[in-house]
Amino acid sequence: MKLKLSLTESAERFASQIEMLGAITDIAVTNDGLKLSCEKGCDGLTVTKENNAAHILFEKDVEFFRGLLTLKVRAGETSFRVHEKAHFAFNGEMLDNSRNSVLNMKTAKEVIMYSALLGLDNVLLYNEETFEVPEDPYFGYMRMGYSKKDVRELTDFAKGFGVTIVPCIQTLAHLAQTLRWACHRDICDAGDTLLVEEEKTYALIENIIKSWRDCVDTDIANIGMDEAFYLGRGQYMDKHGYKPHFELMCEHLKRVIKICKKYNFKPMIWSDMFFHLVFGGYYTDGVIDQELLDMVPTDVILTYWDYYSTDKEKYDRQIKKHLAFKNEIAFAGGAWKWSGIVPSIDHSMHVTKLALEACRENGISTVFTTAWGDNGAEASIMTILPVLALFAEISYSETDVDQKVSDKIEALTGYTTSEFMTLCSLNRTTEVDPIVPQSNPAKYLFFQDPLMGLFDYHVLPSFPAHFAACAETLNALANRGEKLSYVFDTLSKLAAVLELKCDLGVQLKAAYDADDKPALTRLADIVIPDLLSRFDVYYEAFRTQWYKESRPGGFDVQDLRFGGLKQRILNAQRTVRAYVNGEIEAISELKQKRLPFDCRTSDEGRDINVDCNFWNYISTPNVNSNF
């Protein structure tokens, strides 16, 4: 239902922002709409409506916009009063701009507005090197990242909605795309990790932090330092010899904290390395010795991240282990859009409830969800909206959380939570409990080579019908004509491809083994042309989605992947025809026995699906890397 508002003088301060909201949802200012007034208070959010007048009392500016969404959700009611107070002082999402997709300005602003309407007050921009550092022209070279002007524009835009832009950067590892350049090799320890105790390293880090300081107003900066598995193991070892890695980590952290303080940032880091360095893993049962705990600088926020656990007790135990540190503790969950082309919203919604309940019970006041884009950022950023709504609702509400989330998502997008969940169906070719969020047959069955069939062992006869049903369901949702219909359209067209491609290799192998040349001819002359036609349709939809949401940078990788796959399909067709026509004596690829991709020795108690999100592993068993 459209929300028409007639603003009183008190609400005029938000007039321009309300007008902008028309870009994402049907809220509009008119002369004959609901008469809206507002004022700032000190006790959370109170929304009242009586006949044709409404009032929003808000503590934080972002709550005014949450109040607008409340009015939209309940537009059909004549009168009501709602009072809410956020449990989490810091709540929002991290947007990954470092895995090829850099959100364009229009989409970034739309995500900010969605966040504001839900009542989320922070947006973290994860930009490893997709950000301008004037002193270093090779930092982010050709990645089409954000300029300082871009970030300042986003900061000012977000501020108008009561949302804070927070830098989320890296100051130790995850910098492979920077360290690839010759001018940075003297600050590379090994792999993607910076060389610590090297002054050039700290000069680069200071330039990065200084650039962000010019563009944001927040006093918090997430400086990363997660998964630094090469720390002290490469060039550092050659130059200095061995030093205990926990000590090395803490000394480096102290240096970077000092730089952060110089630029008035309170640093936040991911906490995993402290556990990895002691136990060799993150989700462990061990407790870090007090002697080591005392080495960790206290003036840094430690962020416990967990996107996996399906047991609330595990969250509780891990939080308590973090509380043994003398630091402020934050929690980061996950809006799973990083297992390939298809999101895992269903898993995200389940584990978010468990995690945030544990956070509430343990007094954690800083939380956010992550929207990583591993291996190419193929899933739409808009698939995270139900998870954002859940993060907000668990903060503001005590009861009926699921219904409130669905009501708000439907009011925002025209789709319910359950309808968003249908996007996950492409990866749910079998029923397993609990859901395995990494399981991604939609990606590996799409990108695998039709002749080599690396994943053919993991295809069941039921798969083609499953994908056909997915295509039909998603196509019906896409035809609703909502603003986000394109997200459903893209995956409906992928499902149509998978209906034919998922078992193409299985059929080719079976026909070859049986020397059934009529079957091979049918596959080459009827099935593959139909597949190629659907492939082209899907490519156009995927390209449209990418350019609608992201900058062009990084789509070159998708073109290489799509183009390579199409050429391999054409080559399979050509090879099969050559065999049928007697031009070649055998098809070498089809003579090979199909083995389980995950090297399993038995299927007993195991799902047929596996997980592989690395395109170079999916596409070929041959050399497809730097070596």
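A few comments on the model shown:
- 222 nm mean residue ellipticity, helices alone, for the chain (DSSP H n ≥ 4; -39,500 (n - 2.57); rounded to 500): -13000 deg cm²/dmol
- A probe of 1.4 angstrom, applied to the heavy atoms of all protein chains, finds PHE80 with accessible area near 20 square angstrom.
- Förster radius 22 Å - calculated FRET efficiency between PHE614 and ARG180 (Cβ-Cβ, nearest 0.05): 0.75
- Estimated at 0.36 nm per residue, the fully extended path between GLU135 and SER79 surpasses their Cα-Cα distance by 14.4 nm.
- Prolate/oblate/rounded label for region 577-627 (Cα gyration tensor, a/c 1.5): oblate
- Each other residue within a Cβ distance under 11 Å of VAL256 adds +1 if Lys or Arg and -1 if Asp or Glu, for a net charge of +3.
- Unit charges at the beta carbon, dipole of the chain: most positive-side option, GLY22, LEU445, ILE584: GLY22
- Share of carbon and sulfur in the accessible heavy-atom surface of the chain [1.4 Å probe, %]: 50
- Cα gyration tensor category, rounded, prolate or oblate, for region 65-175 with a/c compared to 1.5: prolate
- Close amide H pairs (under 5 Å, H built 1.01 Å from N) link VAL102 with ARG551, residues at least 5 positions away or on another chain.
- Separation in nanometres of the label points that stand 7 Å from Cα toward Cβ, at HIS240 and THR310: 4.3
- Secondary structure note: in region 184-316, about 25% of the DSSP beta bridges are antiparallel.
- Each Lys and Arg Cβ is given +1 and each Asp and Glu Cβ -1; about its Cα centre, region 263-411 then shows a dipole of about 180 debye.
- Reachable lysines from LYS72, criterion Cα separation under 22 angstrom, eight or more residues apart if same chain: LYS2, LYS4, LYS35, LYS40, LYS49, LYS60, LYS85, LYS109, LYS404, LYS408, LYS483
- Working note: Karplus 6.51/-1.76/1.60 with θ = phi - 60° gives region 134-141 the couplings x, 6, 9, x, 8, 6, x, 4 Hz, where Gly and Pro are set to x.
- Label-zone membership for region 317-347, site ASP285, 7 angstrom Cα→C-beta point, backbone N under 18 Å: 317-322
- Modelled this way, with points 7 Å down the Cα-to-C-beta line, the labels at ASP603 and ALA203 are 6.1 nm from one another.
- Reachable lysines from LYS261, criterion Cα separation under 21 angstrom, eight or more residues apart if same chain: LYS148, LYS200, LYS210, LYS326
- Vicinal HN-Hα couplings computed from phi for region 482-499 (Karplus, 6.51 cos²θ - 1.76 cosθ + 1.60; Hz; Gly/Pro x): 7, 4, 9, 4, 4, 5, 5, 5, 4, 6, 5, 6, 5, 4, 5, 5, 5, 3
- Computed label-point distance, nm, for sites CYS42 and HIS350 using a 7 Å Cα→Cβ extension: 4.5
- Straight Cα distances below 27 angstrom link LYS591 to the lysines LYS443, LYS501, LYS509, LYS517, LYS566, with same-chain residues fewer than 8 positions distant left out.
- Net charge in the neighbourhood of PRO244 (other residues with Cβ under 14 Å of its Cβ; Lys, Arg +1, Asp, Glu -1) is -3.
- In terms of accessible area, using a 1.4 Å probe and ignoring ligands and nucleic acids, PHE597, PHE555 rank largest first as PHE597, PHE555.
- Close amide H pairs (under 5 Å, H built 1.01 Å from N) link PHE131 with TYR146, residues at least 5 positions away or on another chain.
- Full extension of the segment from LYS4 to LYS149, taken as 0.36 nm per residue of separation minus the current Cα-Cα distance, would add 48.8 nm.
- Dipole of the chain [Lys/Arg +1, Asp/Glu -1 at C-beta], most positive-end residue of GLN567, THR298, THR201: GLN567
- Share antiparallel - DSSP beta bridges, the chain, percent rounded to 5: 25
- Three-way shape label, region 128-229, alpha-carbon gyration tensor, a/c 1.5: prolate
- Its Cα centre serving as origin, region 21-156 has a Cβ charge dipole (Lys and Arg +1, Asp and Glu -1) of approximately 400 debye.
- Accessible surface comparison of LYS320, LYS443, probe 1.4 Å, protein chains only, largest first: the order is LYS320, LYS443.
- In a reduced charge model with +1 at each Lys and Arg Cβ and -1 at each Asp and Glu Cβ, the chain shows a dipole moment near 900 debye about its Cα centre.
- Solvent exposure of region 404-457 amounts to 29 Å² per residue of accessible area, where only protein heavy atoms count and the probe is 1.4 Å.
- Placed amide H near THR369: partners under 5 Å, 5+ positions off or other chain: GLY92, GLU93, MET94, GLY333
- Sequence ranges 584-595, 87-98, ranked by mean other-Cβ count within 10 angstrom, highest first: 87-98, 584-595
- TYR304, TYR486, reordered so the largest accessible area comes first (probe 1.4 Å): TYR486, TYR304
- Cut-off 12 Å between beta-carbons: net charge of the residues surrounding VAL537, Lys and Arg +1, Asp and Glu -1: -1
- Karplus-derived HN-Hα couplings along region 301-316 (A = 6.51, B = -1.76, C = 1.60, θ = phi - 60°), whole Hz, x at Gly and Pro: 7, 9, 9, 7, 10, 7, 10, 10, 4, 10, 10, 4, 4, 5, 4, 4
- Whole-Å distance, taken between Cα centres, linking region 194-263 and region 64-136: 29
The values are calculated or read from the model by the stated rules, or taken from the named source; none is laboratory data. From a predicted model like this one, the values you see are computed outputs, not experimental measurements. We place every Cβ from the backbone using ideal geometry, glycine too, and count neighbours over all the protein chains shown. With ligands, DNA and RNA removed, areas are computed over all heavy atoms of the protein, side chains included. Shrake-Rupley method; radii C 1.70, N 1.55, O 1.52, S 1.80 Å.
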